[in-house]
Every structure is written in structure tokens, then in C-alpha cells.
1. Measuring from label point to label point, each 7 Å out along Cα→Cβ, what is the His135 to Lys194 span in nm?
2. Can you check what the net charge comes to around Val18, using other residues whose Cβ is under 10 Å from the Cβ of Val18 (Lys, Arg +1; Asp, Glu -1)?
3. For region 108-185 and region 12-89, what is the centre-to-centre distance using only Cα atoms, to the nearest Å?
4. One quarter of the convex hull surface, Cα atoms only: what value does that give for region 5-133 in nm²?
5. In the chain, with Lys and Arg counted as +1 and Asp and Glu as -1 at Cβ, which of these residues, Gly94, Gly110, Val174, has the Cα nearest the positive end of the dipole, that is, farthest along it?
6. Figure the gain on full extension for Ala69 and Lys19 (residue separation times 0.36 nm, minus the Cα-Cα span) and round it to one decimal in nm.
7. Please give the calculated 222 nm ellipticity per residue for the chain, where each DSSP H segment of at least 4 residues contributes -39500 (n - 2.57) and the sum is spread over every residue; nearest 500 deg cm²/dmol?
8. Considering the chain as a Gaussian network with a 10 Å cut-off on Cα pairs, which listed residue, Gln150, Gln183, Gln89, attains the greatest mean-square fluctuation?
Amino acid sequence: MSKDYPVPAGYLERETEVKKSRFIARVFPVSSREEVRERVAEAHQDYPDARHVCWGYQIGRPGSASEAAMNDDGEPSGTAGKPILSVIQHKDMGDVLVIVIRYFGGIKLGAGGLVRAYAGAAESVLSEVGRVVRHARVQARVVLGFADEQPLRHWCEGHEGNIESIGYSAKVDVLVSLPEIRQSEFTAFCDAQKLDYRFES
């Protein structure tokens, strides 16, 4: 089963209005709960006088997310965070946070109206945001001579590889992360350069 999955390409904000209530929806790519907290705090700072700042997110692959949560922020239970998260789950997108900021317009929407409004606001950003595919990554430990460091760096630059850590002693000890789909190319490169490497499990 492929571990690749679509994630939002970046940040997007859209505003909708329902019976004079303003709904400002924001979408972000996120990879940790800490990041979610920061984005929600940011929304509170940007709109300090908003009545509600509701949100939903999921981290990991759609359908088997490692983490998902939602918050109604004072709206009646199940009328804000749940519809936001529900729209996210139907969009087949991972590592995604949607925040919906509401300014009350003086007309009560009722529970059904709130569910539709929050789902509609989430839909407005999620249907427009670009998607990029996040590839599953693997890590490899490589031990090499000083002269081999530059060719390894060069290979990483051309193949979406990242040097996670590097240590210098008698040899150079490098931890590389690379897309799983590049694993065989990396193996071929290391074999050709006669490098000592192993993939971390």
C-alpha cells in the first residue's frame, strides 16, 4: 500500500457570509500538535474580537490518520469542529488544519445552520487550496571518507535527500533521509562510490 498522500500546498484564507455572520476559514499544512497550537493562537491574535475560533485537523495519511482532533470553541457541541473535521476527512488530504473564525452577525443560525455554515466555510478553502504529494521517507546511515562528503551532498540535492546530522571523527558519519521511492537509486549511488551504508529501520 502506498504511503504517499496529498497534503495542502500552503496557506489559504477564504471568507463566507451566512445571515450576516462572517466565517473566515484558513487552511494550513501541519505536521505536529505543536504547530496546530501555534496556528490557533495566531488566529486568536489576528482576530481578537471574534466570537469563536473553531478548528479541526488530521495528521498522517487520510483514512488512517495518526492524530485528529477538533474544537467547537463555545459553539454548541458538534456544530463547528465536527463538520470542519468531517469535510477534511472527505477531502482525502493529510497533515491538514482548518480554522474557522466566526463573527456573529446578530441572527441565530440554529444547530443545523451552524453545521452547514462551518462545513461550507471549510469546503471553501479545502476545494481551492493546492495539493502536493508527501512521499514516505526512509533514513540511511552512511560512513565515508572526507573526499566522499561532497559527492553525497550533491546526490542529496538532486534527489530530494536531506542530511539530518553529520559527525566528523576518523571518518564522516552522515544520517540521510530520502523519499522511499529513491531508495534503489541511493543504493546504486553508494555501491558505485563504495560507501558503507545501512538503512535504519
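What follows is calculated from the coordinates using simple rules that are stated; it is not laboratory data. As the structure is a computational prediction, the values presented were derived from the model and not from experiment. For neighbour counting, all protein chains shown are included, and Cβ atoms are generated from backbone atoms with ideal geometry for every residue, glycine included.
1. 2.9 nm
2. Values: positive: Lys19, Lys20, Arg22, Arg102, Arg116; negative: Glu17.
Taking every other residue near Val18 into account, the sum is +4.
3. Value for the Cα centre distance between the two parts: 24 Å.
4. Numbers: hull surface 27.3 nm².
Over all viewing directions, region 5-133 projects a mean Cα-hull area of 6.8 nm².
5. Gly110
6. On the way: separation 50, 0.36 × 50 = 18.00 nm, distance 2.80 nm.
Length gained between Ala69 and Lys19: 15.2 nm.
7. On the way: 5 runs with 62 residues, N = 201.
Value at 222 nm, helices only, nearest 500: -9500 deg cm²/dmol.
8. Gln150
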